[in-house]
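Notes to accompany the following structure.
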Amino acid sequence: MTLAVKFHDLHPTPAATSLRDEILMGFRADQKFASPKFFYDQRGSELFDQICEQPEYYPTRTEELILAAAAADIAEIAGHEATLIELGSGASRKVRLLLEAMRPSSYLGIDISREFLLESTRRLAADYPWLEVHAACADFSCNMALPDGVYCERPVGFFPGSSIGNFDPQSAENFLRGLHSLLPTGSGLLVGIDLIKDKATLEAAYNDEAGVTAAFNLNLLERLRHELNAEIDPRHFAHQAFFNEELSRIEMHLVSRLPQVVTIEGERFRFQKGETIHTENSYKYTIEGFQALAGRAGFEARSCWTDTDGLFSVHYLERA
Ligand code: AVJ
């Protein structure tokens with residue numbers, strides 16, 4: 001019995017220079033922006049976990065219900081002894097719903113947040129002694145290779161939580177096409193996709209009463225203070241999240257509460273009152289819309305499961 005997690009450093013590793021360069025580039029733009037991948041420092045990953053427990057944030061609990069109900073079906077399609085590869089594994093909680101039914105021979109968790117990844121994969125290894133557990137710290141939004149020694153004949157990708165919604169549809173398609181060239185024919189890809197629904201439900205999920213999503217959004221500025229010595233006061237910004245119906249996406253912004261100048265790495269950035277930093281997009285799809293997108297990237301829709309209210313969907317795609 002081994003509790004050890006085999007750790008792999010993947011290329012590209014999420015480097016500090018990427019934070020600096022990408023943040024500066026985003027702040028220089030007319031519409032200031034920051035990639036949502038920068039939310040996930042240690043504190044941000046913890047806050048995201050708390051978001052998942054908020055009553056308004058339906059995606060997590062709904063996807064967990066769907067996965068629990070579909071686990072046997074999924075196992076039947078995927079077969080035993082697969083290598084389960086989770087992209088953006090975070091707390092590695094959802095995968096637990098699949099492990100007993102699927103009995104994969106190994107699990108690889110890939111996440112941008114290194115310490116968080118190590119903790120959660122160690123817990124996983126302790127709880128499932130029969131499972132070979134690997135961890136790789138990587139920014140999978142860049143082109144990525146799988147680490148040596150993990151690769152097996154039947155990889156099944158696991159991309160839950162509607163994380164793919166952070167990409168715009170064209171980038172999501174390109175991302176899937178990247179996985180298509182990485183995976184052998186017949187590989188599976190299990191993807192969670194949040195569905196288009198009424199505006200009130202969508203907007204409540206990103207404006208929870210307890211203010212956890214606001215804290216998550218504002219924590220980005222704390223990160224810039226700590227890691228880039230930014231002179232920026234989080235109290236001078238407000239959380240904003242709304243559904244952009246035309247583009248079918250939730251947009252999150254940090255709104256400047258007053259005219260101000262902030263400094264990052266010695267560079268000054270002016271904000272007017274009401275001006276925003278665009279921090280996240282979360283695209284919502286119809287089932288047909290997502291299947292068409294996956295099809296363009298070379299993945300065939302094998303199966304799709306939803307909850308009775310049609311809030312969320314889980315898709316089993318097969319690399320054609
Ligand atoms: C991890 C990208 C799926 O878009 O719902 C949750 C992130 N941001 N609340 C989402 C998030 C604010 C989440 N994803």
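Might you check whether a residue that is over 24 Å from Glu203 (Cα atoms) and either within 13 Å of the ligand (Cβ to nearest atom) or under 23 Å from the mean Cα position of the chain (by Cα) (or both) occurs anywhere in segment 238-253?
Within segment 238-253, none of the residues are over 24 Å from Glu203 (Cα atoms) and either within 13 Å of the ligand (Cβ to nearest atom) or under 23 Å from the mean Cα position of the chain (by Cα) (or both).
Would you check if Ala205 is within 12 Å of the ligand (Cβ to nearest atom), in contact with a helix residue (DSSP H, G or I) (Cβ under 8 Å, 6 or more places away or on another chain) and free of Cβ contacts under 8 Å to residues at least 60 places away in the same chain?
no
Just to verify a result, which residue in segment 258-299, among those that are basic (Lys, Arg) and within 29 Å of the chain's Cα centre (by Cα), is surrounded by the most Cβ atoms within 10 Å (Cβ to Cβ)?
Within segment 258-299, the match that is surrounded by the most Cβ atoms within 10 Å (Cβ to Cβ) is Lys284.
Scan segment 180-199 for residues that are within 16 Å of the ligand (Cβ to nearest atom) and not charged (D, E, K, R) and report the count.
6
Considering only segment 225-281, give the strands (runs of 3 or more DSSP E) lying wholly within it that have at least 2 residues that are closer than 21 Å to Lys37 by Cα and touching a residue at least 12 places away in the same chain (Cβ under 8 Å).
Passing ranges, in order: 237-244, 249-256.
State the number of residues belonging to segment 4-22 that are of a type in the set (S, T, N, Q) and at pLDDT 85 or above.
Result for segment 4-22: 1.
Please list, ordered by residue number, the helices (runs of 4 or more DSSP H) wholly in segment 21-132 having 1 or more residues that are within 16 Å of the ligand (Cβ to nearest atom) and open to solvent by less than 10 Å² (accessible area, probe 1.4 Å).
Of the helices (runs of 4 or more DSSP H) lying wholly inside segment 21-132, those with at least 1 residues that are within 16 Å of the ligand (Cβ to nearest atom) and open to solvent by less than 10 Å² (accessible area, probe 1.4 Å) span 42-51, 58-78, 114-127.
Is it the case, given these coordinates, that Leu220 is open to solvent by less than 40 Å² (accessible area, probe 1.4 Å), within 13 Å of the ligand (Cβ to nearest atom), over 20 Å from Ser162 (Cα atoms) and under 23 Å from the mean Cα position of the chain (by Cα)?
yes
If you scan segment 174-196, which residues turn out to be among the charged types (D, E, K, R) and either surrounded by 19 or more Cβ atoms within 10 Å (Cβ to Cβ) or in the same structural domain as Gly44 (by TED's automatic domain parsing) (or both)?
Asp194
Taking the condition part of a helix (DSSP H, G or I) and within 12 Å of the ligand (Cβ to nearest atom), does Gly165 pass?
In short, yes.
Answer with yes or no whether Thr213 is part of a helix (DSSP H, G or I), crowded, with 16+ Cβ neighbours inside 10 Å and hydroxyl-bearing (Ser, Thr, Tyr).
Judged against the criteria, Thr213 is a match.
Condition first: assigned to a helix (DSSP H, G or I), in contact with a Leu (Cβ under 8 Å, 6 or more places away or on another chain) and not hydrophobic (A, V, I, L, M, F, W, C). Now tell me which residues in segment 181-210 satisfy that.
Thr201
The values are calculated or read from the model by the stated rules, or taken from the named source; none is laboratory data. Here the structure is a predicted model, which means the values were calculated and not measured. Don't worry about glycine lacking a Cβ; one is built from the backbone with ideal geometry, like all the others, and counts go over all protein chains shown. Quick note on the areas: whole protein, heavy atoms, side chains included, nothing else; ligands and nucleic acids left out. Shrake-Rupley method; radii C 1.70, N 1.55, O 1.52, S 1.80 Å.
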